[in-house]
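Participant: Quick one: this structure, given as structure tokens, is what I'll be asking you about.
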Protein chains: 2
Amino acid sequence: MSTPGAPGTPGTPPERVTIKDVAAAAGVSKGAVSLAFNHKAGVSEATRDRIFAAARRLGWAPNSSARSLSRQSVDTIGLAICRPARLLGLEPFYMEFISGIESVLAARDCSLLLRLVGSLEEEITLQERWWKERQIAGSVLVDFHRQDPRIAPLRELGLPAVAVGHPDLTGGFPSVWTDDASAVAEAVRYLAALGHRRIARVGGPAGLGHSAIRAEAFDRTLAELGLRGGRHAETDFSGEEGARATRSLLLTPDRPTAIVYDNDIMAVAGLGVAAEMGVSVPDDLSLLAWDDSQLCRLTHPTLSAMSHDVHRFGAEVTEVLFDVIAGEEVRPRPVATPSLVPRRSTAPPRAQGVRP
Amino acid sequence: MSTPGAPGTPGTPPERVTIKDVAAAAGVSKGAVSLAFNHKAGVSEATRDRIFAAARRLGWAPNSSARSLSRQSVDTIGLAICRPARLLGLEPFYMEFISGIESVLAARDCSLLLRLVGSLEEEITLQERWWKERQIAGSVLVDFHRQDPRIAPLRELGLPAVAVGHPDLTGGFPSVWTDDASAVAEAVRYLAALGHRRIARVGGPAGLGHSAIRAEAFDRTLAELGLRGGRHAETDFSGEEGARATRSLLLTPDRPTAIVYDNDIMAVAGLGVAAEMGVSVPDDLSLLAWDDSQLCRLTHPTLSAMSHDVHRFGAEVTEVLFDVIAGEEVRPRPVATPSLVPRRSTAPPRAQGVRP
């Protein structure tokens, strides 16, 4: 049923045609064909087009394994994310992070091999396979847990990788991270300076290393300021859970006057809940988002945020990965610490104690 | 400087070790090693682990080209998106679409090769390379333009592909699409039934085929209803441009009483602009979003939308691609037409005095 070349029919390219035939058809040497297909300098754009056209006409393709061995260059890097597929689409963070990765890859004519996995064990098997089958030149490792099970097997494998996470979590992999503890401390000190005494936090899953780091820094800073800690809500980072957590915090008898969120979609959800419950932002409730995608500038009131250029973060991680792949010495490096961008959702609390 | 196996050092696995050595070290036959690495049934989980451990210890990896030729299975599919990297991170559509693709791929133990390209010409070259070098088993083609330049070369290549777009645009590729014209007609009729007479549209880039289809359907429906057409604003789909377009529509002397947006982030931005300008939603202005990610349920008022399960759309496209790759007959098929989900952002215009 499959006519060669018809769309929708897989049509394996025939194997009998050789590089010699392509060279002859294009009127060039075999070396020129090889240069063209290896994307190397030495053939003009016009010649390259002629070679590709001849190869296409004859149905010839280079042997990719031989090619990748001979050119020793980097085509593809891997990224496995252990999140439910549905959630990935809901949070701006990963899309901005991936867009940053892609900005560096596009400039180098490289691609990203992306996979959602159900567990860290599945990721270990996957990364092993990708690496052993030469599908990737290296990987970006994300969402580190405390005592992360990926560290030992992937180090043993010798996989070139960059870990996105604090060096305390990433077991010796070259790591790139944001100093979340300092950023949380700044967020809490800012709200306390505005006069807030009851500050709560809506965080991500407790199992994630960076959630734990933020939670500890939050409690530590409150303790330093002599304020009561421990008002954390754990979520899956979705707007729905952010809304639920906000609602339940606002229903407590001594409800918080300020809430810090672990991303921005949950802060947007918090704003919706406040409006729904007739709680005025910022007069009765201050909201502080994290990451600061465009969402924070589109709401009314606009959302104050611990701003963090996630796109740039993804780009820097990728640049470091290329250094690692090239065998260069790489030191762990923090990228810019998220910094406070005050907008309209934070203000001193209105007359303390007079509210019902 | 590179100790083999240390993280951050690429460490190419030595080539002298053979499958025989791995089999001997694991105490199994060569066939068992082959089965394990080809992810086929016939070896127990424990044996598989032993084989992988032995291969890891010896630094052995199967030849991926030989492997992919022998097992004739599908590992990887391609997706090239022609959008600026920054924009990709800003709009929920692609992340939800990709999450739908990944949900099907994960169940089949397959991965997505993702690439941002700067032009459709670049995409043609990339898809050719991916296919000829056997990096992909097939591709998802998106964002069709009228007279799309990808059609001829990629059909000639015999690339198994699914086109996301109306069959009028996709030049004979098996296509999966949403019936945008009907959905636009429903949106306009609904707003007209509420009593709106000045309805505007904030759309995507005019060059995209589906933007053109929506614009035509919008004008056609207004004409059928005897209403004035032509109030379109063109954007890049970002919230910023959605805000700018809304502001400029609200500054016209006979400003619209209802606006239909081409995605949801622009409708969220429209809501922010209305609040900033003291225009009450829905009393003075009705807003209708498209796609309907969780954003529409998080704002206050919640946003009415032409709802469309983008995650499911991505999943269906991927299922069709696997049929195409398997050589099955595939007919163009529309997925569910976006359907109206009225929420709090649409109502009869106040000026008409017809509110119940």
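Participant: With springs only between Cα atoms under 10 Å, which of A:Gly172, A:Gly226, A:Gly314 fluctuates most in a Gaussian network model of chain A?
Facilitator: Of the options given, A:Gly226 has the highest mean-square fluctuation.
Participant: Here is a follow-up. What angle do you read, to the nearest 10 degrees and between 0 and 90, between the alpha-carbon axis of helix B:120-132 and the longest principal axis of chain B?
Facilitator: 30 degrees
Participant: Which one, B:Val33, B:Val310, B:Val202, has the greatest fluctuation when you compute a Gaussian network model over chain B with C-alpha springs under 10 angstrom?
Facilitator: B:Val33
Participant: I need the inter-copy label distances for B:Ser44: point set 7 Å along Cα to C-beta, values in nm with one decimal, smallest first.
Facilitator: Its label point is 6.6 nm from the equivalent points in the other copies.
Participant: Quick one: helix A:265-276 against the long Cα principal axis of chain A, what's the angle to the nearest 10°, folded into 0 to 90?
Facilitator: 40 degrees
Participant: For A:Ser307, which sequence-distant residues (separation of 5 or more, or a different chain) have an amide H within less than 5 Å of its own amide H, given hydrogens modelled in the peptide plane?
Facilitator: Sorted by chain and number, the residues that satisfy this are A:Ser339, A:Leu340, A:Val341.
Participant: Of the heavy-atom accessible surface of the protein assembly as shown (probe 1.4 angstrom), what whole percent is carbon and sulfur? Mind dumping the intermediate values first?
Facilitator: Numbers: 14110 of 27040 Å².
The computed percentage sits at 52.
Participant: Follow-up question, since we're still on this one. If you build the convex hull over the alpha carbons only and average its shadow over all orientations, what do you get for the protein assembly as shown? Give it in nm² to one decimal.
Facilitator: Details: hull surface 135.9 nm².
One quarter of the hull surface, i.e. the mean projection, equals 34.0 nm².
Participant: Next up: Taking each residue of B:236-246 in turn, how many C-beta atoms of other protein chains fall within 10 Å of its C-beta, and what is the average?
Facilitator: On the way: counts 0, 0, 2, 5, 3, 0, 2, 3, 0, 0, 0.
Whole-number average of other-chain Cβ neighbours for B:236-246 is 1.
Participant: From largest accessible area down, sort B:Lys30, B:Lys20; use a 1.4 Å probe on the protein chains.
Facilitator: Details: B:Lys30 110, B:Lys20 135 Å².
From most accessible down to least: B:Lys20, B:Lys30.
Participant: Take every residue in peptide B:270-277, count the Cβ atoms of other chains within 10 Å of its Cβ, and give the average of those counts. It would help to have the intermediate numbers written out before the result.
Facilitator: On the way: counts 1, 3, 7, 2, 1, 3, 3, 1.
Shielding by partners across B:270-277 averages 3.
Participant: Can I ask one more? What's the center-to-center distance, using Cα atoms, between region B:258-292 and region A:185-239 in Å?
Facilitator: 33 Å
Participant: Taking only protein heavy atoms into account and a 1.4 Å probe, give the accessible area per residue of chain B in Å².
Facilitator: On the way: 13530 Å² over 356 residues.
Computed with neighbouring chains in place, this is 38 Å² per residue.
Participant: Express as a percent, rounded to the nearest 5, the fraction of DSSP beta bridges in the protein assembly as shown (both residues included) that run antiparallel. Spell out each step's value before the answer.
Facilitator: Values: 11 of 71 bridges.
So the antiparallel bridges in the protein assembly as shown amount to around 15 percent.
Participant: Here's a follow-up. On a 0 to 90 degree scale, rounded to 10, what angle separates helix A:209-224 from the longest Cα axis of chain A?
Facilitator: Around 20 degrees separate the two axes.
Participant: Of A:Gly203, A:Gly327, A:Gly229, which is farthest along the charge dipole of chain A in the positive direction, counting Lys and Arg as +1 and Asp and Glu as -1 at C-beta?
Facilitator: Farthest towards the positive end: A:Gly327.
Participant: What ranking of B:Glu216, B:Glu102 comes out by heavy-atom accessible area, probe 1.4 Å, highest first?
Facilitator: Details: B:Glu216 90, B:Glu102 0 Å².
Ranking B:Glu216, B:Glu102 by accessible area, largest first, yields B:Glu216, B:Glu102.
Participant: Taking the Cα centre of region A:180-307 as origin, work out the dipole magnitude from +1 charges on Lys and Arg Cβ and -1 charges on Asp and Glu Cβ, in debye rounded to 20. Present the calculation step by step, with values, prior to reporting the outcome.
Facilitator: Values: 12 positive and 17 negative charges, 80 e Å.
My answer is approximately 380 debye.
Participant: Sticking with this one: Over the C-alpha atoms of region A:138-178, what are the Rg and the largest Cα-to-Cα span, Dmax, in Å?
Facilitator: Using the Cα atoms of region A:138-178, the pair Rg, Dmax is 9.0, 27 Å.
Participant: Rounded to two decimals, what is the ratio between the C-alpha radius of gyration of region A:101-239 and 2.2 N^0.38 Å? Could the numbers behind the result be given before it?
Facilitator: Values: Rg = 18.4 Å, N = 139, 2.2 N^0.38 = 14.3 Å.
Expressed relative to 2.2 N^0.38 Å, the Cα Rg reads 1.28.
Participant: Diagonalise the Cα gyration tensor of region A:180-307 and give the resulting equivalent ellipsoid semi-axes, square root of 5 times each eigenvalue, largest first, whole Å. Provide the component values of the computation, followed by the final result.
Facilitator: Numbers: eigenvalues 75, 54, 40 Å².
Listed largest to smallest, the semi-axes of region A:180-307 are 19, 16, 14 Å.
Participant: Further question on the same structure: Could you tell me the total accessible area buried at the A-B interface, probe 1.4 Å, in square angstrom to the nearest hundred?
Facilitator: Numbers: alone 17220 and 17240 Å², together 27040 Å².
Chains A and B together bury approximately 7400 Å².
Participant: Go through region A:283-298 and flag every residue whose accessible area shrinks by 40 Å² or more with all protein chains in place compared to the isolated chain (probe 1.4 Å).
Facilitator: Buried by the other chains: A:Gln294, A:Leu295, A:Leu298.
Participant: Also: Which order do B:Glu240, A:Glu276, B:Glu133 take by accessible area at a 1.4 Å probe, largest first?
Facilitator: Values: B:Glu240 70, A:Glu276 95, B:Glu133 5 Å².
These residues rank, largest area first, as A:Glu276, B:Glu240, B:Glu133.
Participant: Rounded if a/c is under 1.5, else prolate if a/b beats b/c, else oblate: with a ≥ b ≥ c from the C-alpha gyration tensor eigenvalues square-rooted, which is region A:260-324?
Facilitator: Working: a/c = 3.82, a/b = 3.58, b/c = 1.07.
Cα axes put region A:260-324 in the prolate bin.
Participant: Related question: What residue among A:Arg197, A:Arg86, A:Arg115 has the largest mean-square fluctuation in a Gaussian network model of chain A, using Cα springs under 10 Å?
Facilitator: A:Arg86
Participant: In whole Å, what three semi-axes, largest first, describe the equivalent ellipsoid of chain A built from its Cα gyration tensor (square root of 5 times each eigenvalue)?
Facilitator: On the way: eigenvalues 518, 90, 61 Å².
Result for chain A: semi-axes of 51, 21, 17 Å.
The values are calculated or read from the model by the stated rules, or taken from the named source; none is laboratory data. These numbers come from a predicted model, not from an experiment. Backbone-built Cβ (ideal geometry, glycine too); neighbour counts: all protein chains shown. Calculation scope for accessible area: heavy atoms of the full protein, side chains included, ligands and nucleic acids excluded. Shrake-Rupley method; radii C 1.70, N 1.55, O 1.52, S 1.80 Å.
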